[in-house]
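The values are calculated or read from the model by the stated rules, or taken from the named source; none is laboratory data. Computed from a predicted model, the values in this text were never measured in an experiment. In this analysis, Cβ positions are derived from the backbone assuming ideal geometry, glycine residues included, and neighbour counts consider all displayed protein chains. When the accessible area is computed, the model is the full protein with side chains, heavy atoms only, and any ligands, DNA or RNA have been set aside. Shrake-Rupley method; radii C 1.70, N 1.55, O 1.52, S 1.80 Å.
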Amino acid sequence: MTDVIDIDLTQSAATRVAAIAERQGKPAILRLAVDGGGCAGFQYRFELADGVEDDDVLAERDGVKLVVDTISLDLVRGCSVDFVENLGGAAFQVNNPNAQSGCGCGTSFSV
C-alpha cells in the first residue's frame, strides 16, 4: 500500500461512503478501478472494499479511504472523486484530467 496525494476524495464523497459503509456493516473503503469497455473505451467501477491490498494506492479523508490499484492508477492520476446529487440522480463522479473525452453518462472515458 502506498499513500498518494495526487488523487482526491471530496468531502461529499467521503460522507456518502461512510454512510453506505455503516449501513452495510463494512469498512469505509471505496475502491475505484478502471475497466476496458463503456461507450468511450474505459469505464469507472466503484465498490466498497473489505480492505486495502498490497498494490493499492491510498487517499484518505476523515477516516474514509479511497483505494486504486496500480494498474488503474495511470488512468486516474490527478483525479478527484466526488458524490453528486442532481435532477438526474445521485452518483459518484470522477473528475479526471487525463480523460480526452467522455460519454454523456459520465461513467466512461478515453485517453
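Things worth noting here:
- Close contacts from the range 41-64, counting a first residue that is at positive phi and a second that is at pLDDT below 95 and open to solvent by 20 Å² or more (accessible area, probe 1.4 Å), with Cβ to Cβ under 8 Å and a gap of 6+ residues or different chains, come to Gly41/Ser110; Gly41/Val111.
- Restricting the range 27-70 to residues that are assigned to a loop (DSSP other than H, G, I, E, B) and within 22 Å of Ser12 (Cα to Cα), the residue that is least open to solvent (accessible area, probe 1.4 Å): Ala49
- Single residue of the range 76-87 satisfying the filter (surrounded by fewer than 18 Cβ atoms within 10 Å (Cβ to Cβ) and aliphatic (A, V, I, L, M)) that is farthest from Glu47 (Cα to Cα): Leu87
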